[in-house]
Amino acid sequence: MNETYKSGFVALVGRPNVGKSTLLNYIVGEKIAIMSDKPQTTRNKIQGIYTSETAQLIFIDTPGIHKPKHQLGDFMVRAALSTFREVDLILFVVDVNEPYGQGEKFILEKLKETNTPVFLVLNKIDRMHPEQLLEKIAAYRELYQFAEIIPVSALNGNNVTTLMEQIIRYMDEGPQYYPADEITDHPERFIVSEFIREKIIHLTEEEVPHSIAVVIEEMKERKGGMVYISALVLVERQSQKGIIIGKQGNMLKEIGKRARKDIEALLGSNVYLDLFVKVDKNWRNNRRQLSEYGYDQTHLE
Ligand SMILES: Nc1nc2c(ncn2[C@@H]2O[C@H](COP(=O)(O)OP(=O)(O)OP(=O)(O)O)[C@@H](O)[C@H]2O)c(=O)[nH]1
Ligand SMILES: [Mg+2]
């Protein structure tokens, strides 16, 4: 009964595509971060909130750390690294099926510069033989003084309860920062734009997923509870605009149909979604455009 309430901030960091967003969604029990099998899906820090009777944890999902090739990439990596100092615990997520490489090495070097405790989360164990897993754990143990090493599967939730128990063990006494029914601090507009971006990532290939940004221009409730949303999809080239619109507008229709499903589940109401596509040649390298499209640099310094 007299148990103290605990709370704290937990960062999810790691290379692209290791399953950070999948894990966050599993923990908060609802989809708030978009996921795909293509690297560099997450672009902004996304906060997910887990609340129980005894603790509240605020998870910060970060963009995968990679070698930046443009200003957007640079922003993404800085956004990820800047969380190291802001949190009580870091979850370093790796894909247990991938060999230890330069990417992990770079992140470990950065982790060595902080005093924040680090858990190693070995993800995707559903695809690995248990014996191999033991070898992996032994190899990682040599590299760094991890506070804990915890194998999980973010996809099917295997061992996530253990991970949660261990995280709470490391938290100090603290207040409940957010109401119990809140699962993210991000405005709905942002999540809606992310759902649209996710469908484009899923449905297009090659350079298209990385060349787009989605801006919500209008979002309002109409009579009868229907929500009207107008969104602008920015691309870098005319050819990409053609791909996104598709033959007789079929691609754009499919993107809209799939995004609408997720948005309706999020908002709990019927949605009318209007999508427009516009070419903006150099948005990924233009600092002003980046902040206009929601990649805000100011809090990173
Ligand atoms: N088999 C398996 N696949 C997983 C697991 N967790 C995530 N995945 C898959 O891995 C891919 C990448 O997942 P994301 O959650 O988008 O990865 P991320 O680390 O957030 O990637 P970025 O945002 O690009 O840094 C998706 O196709 C997921 O379905 C897991 O435990 N097992
Ligand atoms: Mg992600």
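The values are calculated or read from the model by the stated rules, or taken from the named source; none is laboratory data. Since we're looking at a predicted model, the values are computed, not measured. With ideal geometry, Cβ positions are generated from the backbone for all residues, glycine too; neighbour counts draw on all protein chains shown. Quick note on the areas: whole protein, heavy atoms, side chains included, nothing else; ligands and nucleic acids left out. Shrake-Rupley method; radii C 1.70, N 1.55, O 1.52, S 1.80 Å.
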Selection count, segment 1-31, where residues are away from ligand 2 (no atom under 11 Å from the Cβ) and in a loop (DSSP other than H, G, I, E, B): 8
Filter pass, Thr22 being out of contact with any Cys (no Cβ under 8 Å at 6 or more places or on another chain), open to solvent by less than 10 Å² (accessible area, probe 1.4 Å) and polar (S, T, N, Q): no
Top-ranked residue of segment 114-161 - restricted to ones that are surrounded by 17 or more Cβ atoms within 10 Å (Cβ to Cβ) and charged (D, E, K, R), ranked as farthest from Glu30 (Cα to Cα): Lys136
Of all residues in segment 243-293 being open to solvent by 40 Å² or more (accessible area, probe 1.4 Å) and small (Gly, Ala, Ser), the one that is modelled with the lowest pLDDT: Ser291
In segment 14-23, the residues that are in contact with a Leu (Cβ under 7 Å, 6 or more places away or on another chain) and over 15 Å from Pro151 (Cα atoms): none
Pairs where the first residue, in segment 270-288, is within 14 Å of Ala259 (Cα to Cα) and assigned by TED's automatic domain parsing to the domain that holds Lys253 and the second is open to solvent by less than 40 Å² (accessible area, probe 1.4 Å) and among the polar types (S, T, N, Q), C-beta under 7 Å, 6+ apart: Asp274/Ser230
Residue selected from segment 33-54 under the condition among the hydroxyl-bearing types (Ser, Thr, Tyr) and closer than 15 Å to Thr184 by Cβ, by the criterion nearest to ligand 1 (Cβ to nearest atom): Thr42
Selected residue (only one of Ile27, Ile90, Ile34, Ile107 is of a type in the set (A, V, I, L, M), under 28 Å from Gln145 (Cα atoms) and at pLDDT below 95): Ile107
Residue check for Leu57: free of Cβ contacts under 8 Å to residues at least 40 places away in the same chain and either more than 10 Å from ligand 1 (Cβ to nearest atom) or open to solvent by less than 30 Å² (accessible area, probe 1.4 Å) (or both): no
